[in-house]
Amino acid sequence: MIIKGEKTRTFDIPEGVKTPWFEHTGDIPHTLTYSNGTMYEKLEAVAKKYPGNIAFDFMGKHTSYRQMLEKINDCARSLRTIGVRPGDRVTIAMPNCPQAIFMLYAVNRVGAIANMIHPLSAEKEIEEYLNISHSTTIVTLDQFYNKIEAIRENTSIVNVIIARIRDELTRPIRTGYMLTEGRKIARIPKDAPVITWEKFMKLGKNSFKNYKAEREADDPAVILYSGGTTGKTKGIVLTNMNFNSLSEQVVATNPMFRPGDKMLAAMPLFHGFGLGVCIHTMLTQGGRCVLVPRFTAKSYAKLITKYQCNFIAGVPTLYEALLRLPSMEKADLSCLKGVFSGGDSLSIELKKKFDRFLYSHNATIQIREGYGTTESVTASCLTPPSRHKEGSIGIPFPDTYYKIVKPGTDEELPYGEEGEILIAGPSIMREYMDMPEETAETLRLHQDGLRWVYTGDLGLMDDEGYLYFKGRIKRMIITSGYNVYPAQLENIFDAHEKVHMSCVIGVPDSYKMQKVKAFVMLKEGVPANDNTKEELMAYARKNIAKYAMPYDIEFRAELPTTLVGKVAYRQLEEEALQ
């Protein structure tokens, strides 16, 4: 590693690491220079360079880089005023909205760590996220207050900050919002132990002139979440360098990007792609984010054409839905510079269909598939803009290395041979929160001096460095781009007093790719009828996020088992295919 000056860093190619010649990659370099500061510092530098440019759009309201930076600094002063200090964890349970942006970078400025969670998570899931992160402060929207209050006493939360969507709307839009969506939100009691966003932002006006914390590139900045084969939720600790290096890598692999280009930020903030690419990369490179607080294929299509977006990203099910929307029939997509697919495998047939759709709507590009894990923030591999290989997920980002090994070992396999995918590079996580054994299992130091992430995924690499994803070693369901971990859901069902044993599988679905189904063995004497099913469904809705909810519960007198007594989930998956 070479340090160039105080605020930049470059990475050398380690000895023994394969670096096949990447042909036809255009202007994409193989190594880059990175900011050696914090996420906030990288944003601040760009905000001062383009103060008058629009940083983001939200439901018709524009916010400039200058305005954004002022709000972030006000927010940072207020965080210090309520007692947030370097190293503290602040949970952000928000959709893609302005307050979430302000809070994210304010947390970073005061040296705290942003704990990003899905605001639609079930109460028990939120409680778990708060306790895993040891959060003392949480910011969320008024509509989610009741969930937070229900579990607050089971956590270490001291401060609850409540924001409202309507506060960031122009007057005409706010009026319409209050007559529709706003009417559905229950009023928060006047004596509720919370700080409203308006009051919070005023707290630091006359306090803490010195509110900036001295933090380094390798200090933790963000916690994102992933499940596991054991059913344990893992808090993935990511650093300033992880996000700042991703920012440079994404722009390097998209040389057509220019400051001022617009990206439709529909992928959520609690997701690595949404936070790392749609928000942090765009804002630290002078781009313009079109924030989408509630995603539907219809709203997505409308915003692409309304704002003439240059870059869009989504899961395969999104692109499949866009093909069927009547509103897209006459859409002019000549504005597009990049269309990216991730979160699940993009079928060869769907890619062909969508490429034809793009060309027929005046676009001059093709959809580009990528691959990555939350342990590397998000994508770390992407199809080059100038060359696509059928079935490939692309080539590694600059300074990022892929290795195919015999599963679970460090024995590297020849080009063209299938094995476990390993990833190394500057975007690789620091650790799993308070889980040293799991960290050591996933993150391993090899003789080449690199720390490699064992993805649990199968794939192969050809002699030009192109990667091919073949399947998942880990047992995981992907539904509409969300990762659902069966063991977690089984733990929830098995905890019910009427359930003896359960098994959760993914069933192929033409729209969601997979949908979740639960098989349940009831305890002796419990009737396997509709009343019991509805009771279990109600219990699931309280404990399982909406996107992970089973579409059906099937009762079985016995569940198939393997020779060692484990539930044979593969047998149930095969039955579902018949």
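The table that follows gives values for the structure above.
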item: Those aspartates and glutamates that a straight Cα-Cα span of less than 15 Å connects to LYS517, excepting residues fewer than 8 apart in one chain; result: GLU490, ASP494, ASP509, GLU534, ASP552, GLU554, GLU573, GLU574, GLU575
item: Linear extension gain, SER207 paired with LYS470, 0.36 nm per residue minus alpha-carbon span; result: 89.1 nm
item: Alpha-carbon Rg/Rh ratio, for the range 108-262, with Rh computed the Kirkwood way; result: 1.01
item: Accessible surface of the chain, 1.4 Å probe, proportion on carbon and sulfur as whole %; result: 50 percent
item: 1.4 Å probe accessible area per residue over the range 218-284, in Å²; result: 21 Å²
item: Among the listed pairs LYS353/LYS515; LYS18/LYS403; LYS389/LYS515, those beyond 18 Å (Cα-Cα); result: LYS353/LYS515; LYS389/LYS515
item: Dipole-positive endmost among VAL405, ILE113, MET241 within the chain (Cβ charges, Cα centre); result: ILE113
item: Answer label, with percent of Cα pairs over 42 Å apart calculated from the coordinates and candidates (i) 46; (ii) 32; (iii) 20; result: (iii)
item: Relative packing of 272-278, 184-190, which averages over residues the other C-beta atoms within 10 Å, highest first; result: 272-278, 184-190
item: Ordering of 491-501, 425-435, 527-537, 461-471 by packing [mean C-beta count within 10 Å, highest first]; result: 425-435, 461-471, 491-501, 527-537
item: Most positive-pole-ward Cα, MET68, GLY16, GLY37, against dipole of the chain from beta carbon charges; result: MET68
item: Exceeding the 29 Å Cα-Cα cut-off - candidates LYS234/LYS352; LYS42/LYS205; LYS302/LYS512; LYS42/LYS184; result: LYS234/LYS352; LYS42/LYS184
item: Alpha carbon centroid spacing (whole Å) that separates the range 48-119 from the range 339-407; result: 31 Å
item: Accessible area per residue in Å² at 1.4 Å probe, computed on the range 414-493; result: 40 Å²
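The values are calculated or read from the model by the stated rules, or taken from the named source; none is laboratory data. Quantities reported herein were computed from a predicted structural model and do not represent experimental measurements. In this analysis, Cβ positions are derived from the backbone assuming ideal geometry, glycine residues included, and neighbour counts consider all displayed protein chains. In case anyone asks, the SASA skips ligands and DNA or RNA and just uses the protein heavy atoms, side chains included. Shrake-Rupley method; radii C 1.70, N 1.55, O 1.52, S 1.80 Å.
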